[in-house]
């Protein structure tokens, strides 16, 4: 334990996802000990991100406007929608340069243990995007773990009643892993080898 404000800073960093007590302490001491660390810039960026970042009204991805750059790009294939759990998954897939369609971000995965059901996810926002019949395939790119598989199974049942092709990323992604940590080659191969979901 450290005195007052230093411990407060460590505690605040430790509240961030993926940052444990030791990492929080390292980050805090880096800020405290580095003479030329631009604290004002970091503080301004945090305030700006909080105030200016929005979620795309179509796909739910992070954006600075009402519509994200991907949904607003006429060069993208709007007949393909890739459904992911989080905005970080969009970034992971974009790094592969294998996918030219658009996305839909659910904001999580079905997890009864955590009290997250279909109603807590951005599934309702997906349905209007399919109504005009222009979408030919929905690619389910949820994480290859229990929650991701449950979410994909739920969506595949729901989407097949709408007459749209539904596929799931191919294996090759590690079971129990997160898309965010998959390398570009593995993720690219999973996209290339995706398969249609049938009964």
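Out of all DSSP beta bridges in the stretch 68-196, what portion is antiparallel? Express it as a percent rounded to 5. Here the share of antiparallel DSSP bridges comes out near 20 percent.
Residues 103, 154, 58, 2 in ascending order of nearby Cβ atoms (within 10 Å, fewest first): 2, 154, 58, 103.
With a Förster radius of 45 Å applied to the beta-carbon distance between residue 114 and residue 36, the computed FRET efficiency rounds to 0.60.
Within the stretch 4-52, all pairs of alpha-carbon atoms sorted by distance into 10 Å bins from zero give the percentages 25, 49, 25, 0.
Ranked by how many other Cβ atoms sit within 10 Å of their own Cβ, fewest first, the residues 1, 196 fall in the order 1, 196. Given the options 53, 105, 83, state which has the largest fluctuation in a GNM of the chain using a 10 Å cut-off (strictly under) for Cα springs. With Cα springs under 10 Å in the chain, the top fluctuation among 53, 105, 83 is at 53.
The mean sequence distance of close C-alpha pairs (under 8 Å, at least 6 residues apart), as a share of the length of the stretch 68-196, puts its relative contact order at 27 percent. Size estimate for the stretch 68-196 follows the Kirkwood approach: the inverse of mean 1/r over distinct Cα pairs works out to 14.7 Å.
Modelled label positions at residue 195 and residue 170, each set 7 Å beyond Cα in the direction of Cβ, lie 1.0 nm from each other. Its DSSP H runs of at least 4 residues, each contributing -39,500 (n - 2.57), put the calculated 222 nm mean residue ellipticity of the chain at -11500 deg cm²/dmol, to the nearest 500. Distance from the Cα centroid of the stretch 150-199 to that of the stretch 51-93 is 18 Å (rounded to whole angstrom).
With the radius of gyration and the Kirkwood radius both derived from the Cα set of the stretch 33-130, what is their ratio Rg to Rh?
On the way: Rg = 16.6 Å, Rh = 15.4 Å.
Looking at the stretch 33-130, the ratio lands at 1.08.
Between residue 26 and residue 88, the FRET efficiency estimated from the beta carbon spacing at R0 = 22 angstrom works out to 0.50. Cβ crowding within 10 Å, taken as a proxy for footprinting-reagent exposure, orders 86, 100, 184, 3 from fewest neighbours to most as 3, 100, 184, 86.
FYI, it's all coordinate maths here, none of it is from the lab. Everything numeric here is computed off the predicted structure, so don't read it as measured data. Ideal geometry is used to build each Cβ from the backbone, glycine not excepted, and the neighbour counts take in all protein chains shown.
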